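Below is one structure; the comments refer to it alone.
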Amino acid sequence: MSARPVPRPGVLAIEAYVPGKSKAPAGVKVHKLSSNETPLGPSPKAMEAVRANAETLALYPDGTAGALREAIAAKYGLDPARILCGAGSDELLALLTSAYIGPGDEGLFSQHGFLVYRIAILAAGGTPVVAPERDLTADVDAILAAVTERTKIVFLANPNNPTGTYIPFDEVKRLHAGLPPHVLLVLDAAYAEYVRRNDYASGLELVATSDNVVMTRTFSKIYGLAALRLGWMVGPAHVIDAVNRIRGPFNVNAPAIAAGVAAIHDDAHLSAALAHNDEWLPALTREIEALGLKVTPSVGNFLLIHFPQEAGRTAADADAFLTGRGLVLRRVEAYGLPDALRLTIGDAEANRLVVEALGLFMRA
Ligand SMILES: Cc1ncc(COP(=O)(O)O)c(C=O)c1O
């Protein structure tokens, strides 16, 4: 018998998720480029919806998030009964994991995959299994080779964070075709809106035609509502039913529901955010490469920049140098990428300052 309460096995094996920093030395203007938030901010319509909601904060929200599910369904041509909203897609990833994984079960994801998968699997008492990547990109053959009879979920972030890489939809279909039917394929499409590639699809078509595929989406990135914690998933009725049984009855708050409805209808804001990314993603890639740094080709709203292992020029050195100038990027050692920093595409001022500072750093 233990002298104090002891968490379940696995819990203390979790390295708690470390969010992107937002601090720099006093007196320096901070540009937070560490959490893949949009530099355009939220839709003005979403802000108005949140203000209007202040009047009714004493009331519980609609526990079904009905208005938001209807709005999402209308936008994507989905059945609202197959949609479930969550407090960020993080919550949905955790709920899916605890519904399908228990002690003795395995959850599978790729080498540099989003860290929340590992945390969710360990929290559920399961075993994380990692499939190697090729060129910092998910490798379908490696994932399939890692499947065992204990595998319950395969997570695929497409595009992936922090690498910014993606696999074409044909590859996603090949992954699905190779999985046993009892394995749930979770397509995490947090950055889908940013992708401009003809061979990419978020996978809604696969969700619609399969009994073991779900997709998670977020309002935190291109929609600029990260503070409200709002995400959604779409999947087969039996998966939605299972997750509905274990979620909190009011897991999504009322301002978030109202803001989500407003944001999803604001096409102009979405187009502006996309146009900004379309301009800066290639421009920053080019300009940073021109400084002699390697940049992984990204389809998201962020870039993975690789630094030499040479003293004075390492990722840690660069991080300190940039932070000193108020430019806060993300270290990614926890993803097995100690020599890289992740840069979120910021506003024009921040982007120019990053290029300038990296130039000074490389010439120092
Ligand atoms: C790949 C990926 N999935 C999911 C999320 C979680 O987003 P949220 O919980 O804000 O919806 C993130 C956030 O950074 C992400 O990068």
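The values are calculated or read from the model by the stated rules, or taken from the named source; none is laboratory data. Quantities reported herein were computed from a predicted structural model and do not represent experimental measurements. Cβ coordinates were reconstructed from backbone atoms using ideal geometry, including for glycine residues, and neighbour counts include every protein chain displayed. Areas reflect the complete protein model, heavy atoms only, side chains present, ligands, DNA and RNA absent. Shrake-Rupley method; radii C 1.70, N 1.55, O 1.52, S 1.80 Å.
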Subject >> Odd one out for Ile14, checked against (1) farther than 30 Å from Leu353 by Cα; (2) exposed (fewer than 12 other Cβ atoms within 10 Å of the Cβ) >> reply: (2)
Original post:
List the pairs whose first member sits in segment 331-355 and is free of Cβ contacts under 8 Å to residues at least 40 places away in the same chain, whose second member is open to solvent by 50 Å² or more (accessible area, probe 1.4 Å), and whose Cβ atoms are under 7 Å apart, counting only residues at least 6 apart or on separate chains?
Top reply: Asp339/Gln309; Leu341/Arg331
**OP:** Kindly list the number of the only condition in (1) open to solvent by 30 Å² or more (accessible area, probe 1.4 Å); (2) within 22 Å of Asp62 (Cα to Cα); (3) in a helix (DSSP H, G or I) that fails for Pro249.
**Re:** (3)
**OP:** Tell me which of these Val186 doesn't satisfy, since it passes every other one: (1) within 11 Å of the ligand (Cβ to nearest atom); (2) more than 19 Å from Leu84 (Cα to Cα).
**Re:** (2)
Subject >> Matching residues, segment 55-69, being buried (at least 21 other Cβ atoms within 10 Å of the Cβ) and either more than 16 Å from the ligand (Cβ to nearest atom) or part of a helix (DSSP H, G or I) (or both) >> reply: Leu68, Arg69
Original post:
Which of the residues belonging to segment 17-45 are within 16 Å of the ligand (Cβ to nearest atom), in contact (Cβ under 8 Å) with a residue 40 or more places away in the chain and open to solvent by 80 Å² or more (accessible area, probe 1.4 Å)?
Top reply: Tyr17, Val18, Lys21
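Look at Ala52 and say whether it is assigned to a helix (DSSP H, G or I), over 26 Å from Ala192 (Cα atoms), more than 16 Å from the ligand (Cβ to nearest atom) and open to solvent by 10 Å² or more (accessible area, probe 1.4 Å).
Values: assigned to a helix (DSSP H, G or I): yes; over 26 Å from Ala192 (Cα atoms): yes; more than 16 Å from the ligand (Cβ to nearest atom): yes; open to solvent by 10 Å² or more (accessible area, probe 1.4 Å): yes.
Judged against the criteria, Ala52 is a match.
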Original post:
Looking at Met215, is it touching a residue at least 60 places away in the same chain (Cβ under 8 Å) and either among the hydrophobic types (A, V, I, L, M, F, W, C) or in a strand (DSSP E or B) (or both)?
Top reply: no
Original post:
Somewhere in segment 126-144, is a residue in contact with a His (Cβ under 8 Å, 6 or more places away or on another chain) and of a type in the set (Ser, Thr, Tyr)?
Top reply: no
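Can you name every residue in segment 70-79 that is in contact (Cβ under 8 Å) with a residue 24 or more places away in the chain and either within 16 Å of the ligand (Cβ to nearest atom) or of a type in the set (A, V, I, L, M, F, W, C) (or both)?
Once the filter is applied, which keeps residues that are in contact (Cβ under 8 Å) with a residue 24 or more places away in the chain and either within 16 Å of the ligand (Cβ to nearest atom) or of a type in the set (A, V, I, L, M, F, W, C) (or both), segment 70-79 yields Ala71, Ile72, Leu78.
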**OP:** Looking only at segment 70-83, count how many residues are of a type outside the set (A, V, I, L, M, F, W, C) and outside any helix (DSSP H, G or I).
**Re:** 2
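Out of the residues in segment 196-212 that are open to solvent by 20 Å² or more (accessible area, probe 1.4 Å) and part of a loop (DSSP other than H, G, I, E, B), which is nearest to the ligand (Cβ to nearest atom)?
Among them, the one singled out is Ser202.
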Original post:
Residues Ser110, Ser89: which one is within 16 Å of the ligand (Cβ to nearest atom) and within 23 Å of Asn253 (Cβ to Cβ)?
Top reply: Ser89
Original post:
Of the residues Arg150, Arg174, Arg82, Arg118, which single one is out of contact with any helix residue (DSSP H, G or I) (no Cβ under 7 Å at 6 or more places or on another chain) and more than 16 Å from the ligand (Cβ to nearest atom)?
Top reply: Arg150
**OP:** Please go through segment 226-242 and pick out each residue that is within 14 Å of the ligand (Cβ to nearest atom), part of a loop (DSSP other than H, G, I, E, B) and surrounded by 23 or more Cβ atoms within 10 Å (Cβ to Cβ).
**Re:** Leu230
